[in-house]
Structure formats: structure tokens, C-alpha cells
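Since the structure comes first, as C-alpha cells, the remarks are kept for the end.
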Amino acid sequence: MIIRKPADINPSEITPESVFHGRREFLRRAGLAGTGLLAGSGCAAEEDPAEDPGTLSKLEVASGSPYSTDAEPNSLEDIMSYNNFYEFGLDKSDPARLSGDFRPRPWSVTVDGEAELTGTFDLDDFIRPHPIEERVYRLRCVEAWSMVVPWNGIALGDLIKRFKPTSRAKYVAFETVVRPEEMPGQRRGVLDFPYVEGLTMAEAMNPLSILALGVYGVSLPNQNGAPIRLVVPWKYGFKSIKSIVRISFTEKEPPTTWNLAAPREYGFYANVNPEVNHPRWSQAKERTIGTGFFGEKKPTLMFNGYGEQVASLYEGMDLRKFY
Ligand SMILES: Nc1nc2c(c(=O)[nH]1)N[C@H]1C(S)=C(S)[C@@H](COP(=O)(O)O)O[C@H]1N2
Ligand SMILES: [Mo]
């Protein structure tokens, strides 16, 4: 494992061309202005740091995970401008446009339920023992579009072990922050908030499951779930809950937001499955974001292509019933 210090990282590696030569508005939304990340790009000088909506800081990241896909990642601009984050609004452009007031620091995470160690922890203490790895993962949204994202995160299983879940802990539940004053979609009540999600303990312990803290070597943009979000790449995107403030170990299957909203359409498992269609559309293919106006279509893969790592979790289960 190679861990490079920030000084060894060439800025052009962490600021993909779209940011490096980016538009003023994009930079403002990105919160990159005034962080020094853009020194030399000729853009930072235009910015008034007082207007800076957030701070994306450089992360120390170990690259070259065996779990990464070698598929070409989407640009940071794609990843930051086409989002689902209903706390900020329903349109794909709302999270980027309307998340400027969101404050991802200071942040704390509460761990409770069936574990020996519980409590509320400052985010920095919470993650400190864990190396941050790069994981380039495919992301397949249930709406039949996809991207490739170079996440930076920590192994969820390693974090869980620290809290020593009891033998009664069969599931892990996650909860998103509630801050209507900073999240306009919460003021409009477009879903029942807080957004909640969950995994079985075996799913959470799978080495593919990570808590992401960054993307492209910088801390997560607000629209991507700052400062910490789940990423489970073999499941539809809605399982990868953003801006987490609570992790609970439970004996019973926890409620999940989209299952509560439309139980016939969204189950607890939500594994990517091209053979089980959504009641209102086919899941056989996906539109790949960043491939032009109409978007290139490609076949969707079982478990989003991660069957080798996760199929054994579902052996003997009827995936039409456990959808
Ligand atoms: N709290 C919360 N988490 C969420 C969502 C949301 O609306 N609220 N949307 C989900 C959906 S549907 C998808 S596809 C992914 C999108 O992640 P991205 O915007 O970083 O690509 O986030 C998921 N996590
Ligand atoms: Mo999604």
C-alpha cells in the first residue's frame, strides 16, 4: 500500500481538467475557491474567501485498491453536478445549486444500539484510526443511469469492529442529518426525513462497503453527502445514504426511506439486478452519465458487476422476493 503525502501529489491529479480550468460558478459551487487547491489555475484570485460556501480539503489517500474498477471515472464536474439528494431538492441540479449553506463541520456521529462501545464522537476522532483508501466504484442509480466514481473512504467493516457489536446485532441502520435551515428540500418535506437506510451485518462487513469522506482526493462536496456517506456499489444508489449522523446496531431489519415511501417499488435489499424490473421501467440497461446528451446505453450487470464479492451473501434467497 502506498500512502502519499499531500506534498507528493501533483495538483493536476486531484483537480481533474473540469475543475482545473473550471468556470467561476462551478468553482463557487464546488467550494474549491479560497482553499489554495487551485493555486496556479488563475481562478482562486477572483474569489472572495468570505463568500466561500465550504471547504474541500486535500485528503491523504492510499491508491490502488484491488476492489477498484479500471473503468474510466467520470469527471469531478459530472460527479458534482448530477446528483440525487432530496434534502436539497428533487432536480439533479438542486443539490449542487442549493447546498451552499450546508455546514459539514463541525460534525459528530452517534453510535448506538447493540454494541459494547456506543456514544457520540467528533468526526475526526471517529475516523482517525482508519486509513483512507481510493475505491473507484461503479454507481448504478435505480433510475437506470450510472457513473464511475473514485471515492476516498474507510472500510465500514473495520470501523464496525471497533465498536464491538453484540451477538444480537443483525443489522446496521444509518441516519442522515436533519437541518431544514440548511437543507431546502427538508423545508418542503419532499420525503419523510430523516432519510434512513440499513444493511445486514454481513453486507456491512463486506470489504466493498465503505464510508466515503472524499472523491478525487478532496473532501466530499456537500451535494455528494459531506462530510461522510455510505457507499455500497452492488446496490442501487439510494442505499448509499449521505451526510450520516447516526449508526445503530439493531436486532430487527431497520426501516428504510424509499421502502417506506413506496414499498412495492423499493425493497430493503435493493441489489442491482437487470432481471428484476422496477414496476414502472426496465432495469436491463443503464444510461452512462458524461457520454453526451442522450447518454450511451450499456447492459446492467447483476450486482452491478460485483457478484464475485457479494453473491454468496444471498445464496438460497429468492431475489425477486428479497428485492
Ligand atoms: N440522505 C440522502 N442520501 C441519498 C439520497 C438522498 O436523497 N438523500 N439519494 C440517493 C440516491 S437515489 C443516489 S443515486 C445517490 C447519489 O449519490 P451522488 O449524488 O453522490 O452520485 O445518493 C443516495 N443517497
Ligand atoms: Mo438513485
TODO: Would you please give the residues with an amide H less than 5 Å from that of I210, counting only those at least 5 places away or on a separate chain, with H modeled from the backbone geometry?
DONE: L156, V231
- [ ] Return a whole-number percent for the relative contact order of region 11-314, with Cα pairs under 8 Å and 6 or more residues apart as the contact set.
- [x] 19
Task: Gain upon complete extension [R264, M302; 0.36 nm per residue less C-alpha separation] - done: 11.6 nm
- [ ] Run a plain Debye calculation on region 95-149 (Cα atoms as equal point scatterers, no solvent) and give log10 I(q)/I(0) at q = 0.14, 0.20, 0.24 Å⁻¹, rounded to two decimals, same order as the q list.
- [x] -0.75, -1.02, -0.97
TODO: Hey, can you grab everything whose amide H is under 5 Å from the amide H of V245? Only 5+ residues off in sequence or another chain; H modelled, so Pro and N-termini drop out.
DONE: E175, T176, V177
Open item on the list: If amide hydrogens are placed 1.01 Å from N in the peptide plane, which non-local residues have theirs closer than 5 Å to the one on S68?
Closed with: V136
Task: 3J(HN,Hα) from dihedral phi, region 67-82, Karplus parametrisation 6.51/-1.76/1.60, rounded to Hz, x for glycine, proline - done: 8, 7, 7, 8, 4, 5, x, 5, 5, 4, 5, 4, 5, 8, 10, 10
TODO: Please work out how much length the chain gains when fully extended from S312 to L90, using 0.36 nm per residue of separation minus the C-alpha to C-alpha distance, in nm with one decimal.
DONE: 76.4 nm
- [ ] Using only C-alpha positions, report the orientation-averaged shadow area of the convex hull of region 11-314, nm², one decimal.
- [x] 15.1
Open item on the list: Binning at 10 angstrom from zero up to the longest distance, how are the C-alpha pair distances of region 179-323 distributed in percent?
Closed with: 10, 35, 39, 15, 1
Task: Under the Karplus curve 6.51 cos²θ - 1.76 cosθ + 1.60, θ = phi - 60°, whole-Hz ³J(HN,Hα) for region 297-309, x wherever Gly or Pro sits - done: 9, 9, x, 7, 9, 4, 6, 6, x, 9, x, 4, 7
Open item on the list: Tell me the net charge near E296. Cut-off is 11 Å between Cβ atoms, E296 excluded, with +1 for each Lys or Arg and -1 for each Asp or Glu.
Closed with: +3
- [ ] With label points built 7 Å along Cα→Cβ from the Cα atoms of E60 and R287, find their separation and express it in nm.
- [x] 4.3
Open item on the list: Could you give each residue of region 209-215 its phi-based ³J(HN,Hα) in whole Hz, using Karplus coefficients 6.51, -1.76, 1.60 with θ = phi - 60°, and x for Gly or Pro?
Closed with: 6, 10, 9, 8, 10, x, 8
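Throughout, read-outs are computed from the coordinates displayed, never taken from laboratory work. Here the structure is a predicted model, which is why all the values come from computation and not from measurement. Every residue, glycine as well, gets a Cβ built from its backbone with ideal geometry; the counts of neighbours run over all protein chains shown.
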